[in-house]
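What follows is a set of notes on a single structure, which appears directly below.
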Amino acid sequence: MEPKDLIKHAIKAQGNSQSEYSNYPVGCALLTNDGEVVYGCNIESAVYPSTLCAERVAIYSALSKGLKKFKAIAIVSNTAARPCGSCRQIMHEYLGNIPIYVSDSNGKEYKLHYIDELLPYPFDLKNS
Ligand code: THU
């Protein structure tokens, strides 16, 4: 699948965002090795710390479906923001060094990143 097509999925996922407190919708699409696309969107709560980011919703959803091998991930927000620190840690632990496409909601241009660049010296129980 081309990056732009995965980004289109992330734009669709952004449409499902539950972000009434921040008004900052985020969408995520995670492509598995088998070609399945798993969606995530940010889900906010009146108990603010219970909010979960789009990236982690997608990753946890995929893992809970038994999907463990991933090819690429696309993240869409209105400002083409790169993932937060907590999501970077989870991406490091579960995704491996796959392409991370970051786009705004138009999906016309995207930034390409890899987790070893976004999260150098990650926390790891085995290697310090
Ligand atoms: N958010 C994400 O979904 N992903 C990130 O990587 C950073 C922030 C969400 C959390 C919250 O619902 C909103 O964006 C504003 O912080």
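Read the figures in this text as sums done on the coordinates, not as results from a lab. Remember, it's a predicted structure, so these values are computed and weren't measured experimentally. FYI the Cβ positions are ideal-geometry reconstructions off the backbone, even for glycines, and counts take in every protein chain you see.
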For a quick check of your reading of the filter: which trypsin sites (Lys or Arg not before Pro) in the stretch 56-128 sit in a DSSP loop and have no more than 14 other Cβ atoms within 10 Å?
Lys65, Lys68, Lys69, Lys108, Lys126
For the chain, the longest site-free run once GluC sites (Glu not before Pro) in DSSP loop states with at most 13 other Cβ atoms within 10 Å are removed:
37-108
Could you line up Phe70, Phe123 from fewest to most neighbouring Cβ atoms inside 10 Å?
Phe123, Phe70
Average projected area of the Cα convex hull of the chain, in nm²?
7.9 nm²
What's the exposure ranking of Ile7, Ile90, Ile75, going from fewest to most Cβ atoms within 10 Å?
Ile90, Ile7, Ile75
What does the charge count near Asn33 come to, summing +1 for each Lys or Arg and -1 for each Asp or Glu among other residues with Cβ under 11 Å from its Cβ?
+1
Extension reserve of the Asn97-Phe123 stretch, reckoned as 0.36 nm per residue once the Cα distance is removed:
7.8 nm
In Å, the Kirkwood estimate of hydrodynamic radius for the stretch 31-71 over Cα pairs equals 10.8 Å
